[in-house]
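The values are calculated or read from the model by the stated rules, or taken from the named source; none is laboratory data. Because the structure is predicted, anything quoted here is derived from the model rather than measured. Using ideal geometry, Cβ is built from the backbone for each residue, glycine included, and neighbour counts are taken over all protein chains shown. With ligands, DNA and RNA removed, areas are computed over all heavy atoms of the protein, side chains included. Shrake-Rupley method; radii C 1.70, N 1.55, O 1.52, S 1.80 Å.
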Amino acid sequence: MKSIILTLNDRAEGVTADGTRVPRALPGEEITLSKENQFKIVLPSKDRITPVCTHYKSCGGCSIQHVTQSFIKEWKSNVIKSCLSARGIETIIKPILTSEINSRRRVTLHGMKTKKSVTVGFFKKNTHELISTPSCELVDPEILSAFSLFEEITLLGATRKSIIEISVTVSKAGLDLNILNGKKLENQSIMKITALCENFNVARITWNEDLLANFLNPTIEFQGIAITPPPNAFLQATEEGQEILIENAMLSVFNSDKVIDLFSGCGTFTLPAAKRSEVLAIDKTKSMLSAIEQAWRETSGLKKVTSRSQDLFKEPIGKEELNSF
Ligand SMILES: C[S@@+](CC[C@H](N)C(=O)[O-])C[C@H]1O[C@@H](n2cnc3c(N)ncnc32)[C@H](O)[C@@H]1O
């Protein structure tokens, strides 16, 4: 059956007139759809391009590599505009900036033992089928160069029945690894894994939330202020993106004596803002707030930073308190 794609929804799926969602189809494209929702392009969009990543066809990690950067920028801008206007907010949206390929410093991979070997990578879209993605074009080369380490860790630490989660962050001191769903390790496996990690420039590895080895503190910098995030903490996906966000956020608060940072995480905006202003950081995750406090203590010249653990959905900040910032 022939269909025309009318729009792209905010999950980057093409949508036909009858509301059928077709992942990876683009507005203006004429397609034929099979019963299994597989599509063939009859007439391609002028914005369609060949994806840079060789894994893109089967990998579910990325959803919009098949279209030009200028199309992506306009689409993202419109997603933000429509979210804001749904709440009656009209504003000017600055041009969208996108990160370079191979610049993502954080990623969660999965690892699985197969009969004869291991697979480490991402799931196929909407499945639990894992595919190996050693040439992913998205992530930092330091992560790619440790793929054989992730495979060894899977071999030693996954059972035949389970899939382990391997979260990796590139820090200034080396890789920060956080493994979840791993099996309980025998001493011998612990020794093998820690020895391998040391060879692969790993700064820290945690296993099922317990610290396995801390060779060096995995520090990250926010405008030159060093912080050691807790394992698997939220960080902006790329360092370049983080610095641009900080620069722009600081433009809004540079004139304020007191700043409140809601959903502060581990201080992406709190710590740079403290160069000029007193800051109250609020987040529900205590370990991230502890990391902010420690970084503040270890950095000279910052104004006072206080932090508060609070669930901001259950207990939003009242008008009276907000007015004091
Ligand atoms: C996307 S991160 C942003 C962190 C930081 N602003 C940054 O840019 O790096 C969102 C943060 O919100 C926090 N969070 C999520 N739900 C929350 C809630 N209900 N109340 C307070 N904090 C919450 C998380 O712990 C996380 O640190």
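For segment 54-78, a residue qualifies if it is surrounded by 14 or more Cβ atoms within 10 Å (Cβ to Cβ), in contact (Cβ under 8 Å) with a residue 24 or more places away in the chain and not in a loop (DSSP other than H, G, I, E, B), and the qualifying residues are 59, 67, 71, 72, 73, 75.
Taking the stated definitions as given, is residue 211 under 26 Å from residue 150 (Cα atoms), open to solvent by 10 Å² or more (accessible area, probe 1.4 Å) and either modelled with pLDDT of 95 or more or not basic (Lys, Arg) (or both)? Yes; evaluated as a whole, the condition is true for this residue.
Only strands (runs of 3 or more DSSP E) whose full extent lies in segment 252-325 are considered here, and the ones with at least 3 residues that are more than 10 Å from the ligand (Cβ to nearest atom) and in contact with a Leu (Cβ under 9 Å, 6 or more places away or on another chain) are 258-262, 305-309. Going by what's in this entry, would residue 174 be described as small (Gly, Ala, Ser), surrounded by 18 or more Cβ atoms within 10 Å (Cβ to Cβ) and farther than 27 Å from residue 268 by Cα? Judged against the criteria, residue 174 is not a match. Out of curiosity, is residue 175 under 18 Å from the mean Cα position of the chain (by Cα) and away from the ligand (no atom under 16 Å from the Cβ)? Here the answer is yes, as residue 175 does meet what is asked. Kindly provide the set of residues from segment 236-251 that are part of a helix (DSSP H, G or I) and open to solvent by less than 40 Å² (accessible area, probe 1.4 Å), ordered by number. Passing the criteria: 241, 242, 246, 249, 250. For segment 147-171, a residue qualifies if it is out of contact with any strand residue (DSSP E or B) (no Cβ under 7 Å at 6 or more places or on another chain) and either crowded, with 22+ Cβ neighbours inside 10 Å or under 19 Å from residue 136 (Cα atoms) (or both), and the qualifying residues are 148, 149, 152, 170. Of all residues in segment 4-25, those that are of a type in the set (Lys, Arg) have Cβ atoms under 9 Å from Cβ atoms of residues that are in a strand (DSSP E or B), 6 or more apart or on another chain, in 11/21; 11/23; 21/13; 21/14; 21/15; 24/13; 24/14; 24/39.
In this structure, is residue 84 closer than 28 Å to residue 197 by Cβ and open to solvent by less than 60 Å² (accessible area, probe 1.4 Å)? Spelling it out, it is not the case that residue 84 is closer than 28 Å to residue 197 by Cβ and open to solvent by less than 60 Å² (accessible area, probe 1.4 Å).
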